[in-house]
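Worksheet: the structure to be examined is printed underneath.
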Amino acid sequence: MRACVFKAPGAPLEVVDVPDPVAGPGELVVRVRACGICSSDLHAAKSISDPLPAGAIMGHELAGEIAQIGPGVSGCKIGDPVVVMSYLACGDCANCRAGAGVRCEQSRLVGFGEAPGGYAELIATRPASVFKMPPGLSFQTGATVEPLVIGLHAVRRAKIRAGESCVIIGAGATGLMTMLCARAAGARPIVFSDRALDRRESAMRLGADAAVDPRMHRAGAAMAKLTGAPPDVVFDCAGEPGSLAEAVTAVRPRGRVIAASASLEDDGFPPGLAMGKELDIHFSFGLEPGEVEETIELLASERISTAPLVTHVVALDDLPRVFAALQEPNRQVRVMVEP
Ligand SMILES: [Zn+2]
Ligand SMILES: [Zn+2]
């Protein structure tokens with residue numbers, strides 16, 4: 001099969017021929033029909049401190065059709081459309097056997113060197129990492145399930161009630177996906193804070209009520225202009241040093257702060273301010289069983305549409321060039337590869 005592989009940090013990806021994966025016992029092979037390019041792929045491809053292995057196939061946001069069914073796998077047939085998640089569950093541990101592959105303790109990360117990803121014509125996977133797509137859902141939409149479920153989980157952690165006001169710090173893909181899920185849960189208004197004009201414009205195009213540049217305006221004050229009060233909930237979807245402090249500053253007393261992204265650096269986060277406001281602060285990471293199915297259902301019932309987030313589609317042969325271009329500032333939200 002043809003696959004787009006990583007060569008070295010900062011070097012262009014390369015499209016090469018590699019052996020087709022074969023479905024062994026308990027495995028499936030899926031023909032990749034759409035795979036999103038995530039900002040974590042762009043970071044991983046240039047990391048020198050934690051480099052990917054040469055030859056790694058990236059891509060962890062994907063959908064396709066079942067192409068091979070290994071011995072011992074039942075309940076699916078060749079051609080079934082599926083979403084493939086970003087964890088390769090073992091299929092064998094207690095959680096996997098209980099149908100909670102999202103909690104597999106031996107899972108391997110897809111697309112970062114531990115298990116091959118979706119920048120290829122075929123991918124080997126297991127039933128515990130695969131979710132059936134209902135008829136009518138496009139493969140491109142299926143490939144947005146993985147990032148969308150991160151937003152759904154963050155909104156669940158926030159316990160959003162209809163009519164609650166939200167500020168989202170960071171209008172990258174995680175912030176936008178969180179907005180779509182918060183909207184579906186009845187949140188309004190929703191105000192973004194982001195330094196980049198193109199990201200603020202994306203947020204407005206996708207239905208934000210306002211988007212401010214934090215160097216000029218405080219998000220809490222922008223919300224107060226709309227509702228007369230600071231926000232009930234603030235999501236930190238930027239995960240930059242200082243963004244958690246911005247969230248704590250913006251939220252109302254007794255409000256909730258959800259960190260859906262996080263940096264490993266010091267945030268300058270003032271505990272006294274959070275205590276004075278008696279805030280609930282939650283970190284959102286990982287998934288609950290059932291959340292992937294719920295995300296697929298939100299898309300199938302058209303309560304959420306991620307189609308406007310897909311801003312460009314490329315063939316596998318074009319991926320090295322487009323991937324390099326995405327390393328520079330750009331206006332894309334989700335670029336889809338169709339291998
Ligand atoms: Zn991703
Ligand atoms: Zn497992």
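The table below gives the values:
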read-out	value
Residue pairs meeting the criteria (Cβ under 8 Å; at least 6 apart or on separate chains; first in contact (Cβ under 8 Å) with a residue 12 or more places away in the chain and in the same structural domain as Ala154 (by TED's automatic domain parsing), in the range 219-247; second surrounded by 16 or more Cβ atoms within 10 Å (Cβ to Cβ) and of a type in the set (Phe, Trp, Tyr))	Ala219/Phe192; Leu244/Phe269; Ala245/Phe269; Ala247/Phe235
Residue match in the range 133-146 (condition: under 23 Å from Leu52 (Cα atoms), touching a residue at least 60 places away in the same chain (Cβ under 8 Å) and either in the same structural domain as Pro53 (by TED's automatic domain parsing) or within 18 Å of the chain's Cα centre (by Cα) (or both))	yes
Spans of strands (runs of 3 or more DSSP E) in the range 228-339 with at least 3 residues touching a Cys at 6+ places or on another chain (Cβ under 8 Å) and among the hydrophobic types (A, V, I, L, M, F, W, C)	233-236
Criterion violated by Val102 - all others in (1) modelled with pLDDT of 95 or more; (2) of a type outside the set (D, E, K, R); (3) within 16 Å of ligand 1 (Cβ to nearest atom); (4) under 30 Å from Val257 (Cα atoms) satisfied	(1)
Tabulated pairs, the range 85-113, first in contact (Cβ under 8 Å) with a residue 24 or more places away in the chain, second surrounded by fewer than 17 Cβ atoms within 10 Å (Cβ to Cβ), C-beta under 6 angstrom, 6+ apart or interchain	Leu88/Arg108; Cys90/Gln106; Gly91/Gly26; Ala100/Pro289; Val102/Pro289; Gly113/Pro53
Meets criteria (more than 29 Å from Glu328 (Cβ to Cβ) and in contact with a Phe, Trp or Tyr (Cβ under 6 Å, 6 or more places away or on another chain)) for Val83	yes
Residue match in the range 307-326 (condition: surrounded by 14 or more Cβ atoms within 10 Å (Cβ to Cβ) and touching a Gly at 6+ places or on another chain (Cβ under 7 Å))	no
Selection from the range 85-106 of residues that are in contact with a strand residue (DSSP E or B) (Cβ under 9 Å, 6 or more places away or on another chain) and under 17 Å from Gly24 (Cα atoms)	Leu88, Ala89, Cys90
Residue that is farthest from His43 (Cα to Cα), among those in the range 66-120 that are charged (D, E, K, R) and either in contact with a Pro (Cβ under 6 Å, 6 or more places away or on another chain) or within 13 Å of ligand 2 (Cβ to nearest atom) (or both)	Arg97
Answer residue from the range 141-187, given it is surrounded by fewer than 24 Cβ atoms within 10 Å (Cβ to Cβ) and at positive phi and is nearest to ligand 1 (Cβ to nearest atom) among those	Lys159
Residues being of a type in the set (A, V, I, L, M) and farther than 30 Å from Ala11 by Cβ - total across the range 296-339	6
Tally, over the range 327-339, of residues that are surrounded by fewer than 19 Cβ atoms within 10 Å (Cβ to Cβ) and in contact with a helix residue (DSSP H, G or I) (Cβ under 7 Å, 6 or more places away or on another chain)	3
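The values are calculated or read from the model by the stated rules, or taken from the named source; none is laboratory data. Fair warning: this is a prediction, and the values are worked out from it, not measured in the lab. In this analysis, Cβ positions are derived from the backbone assuming ideal geometry, glycine residues included, and neighbour counts consider all displayed protein chains.
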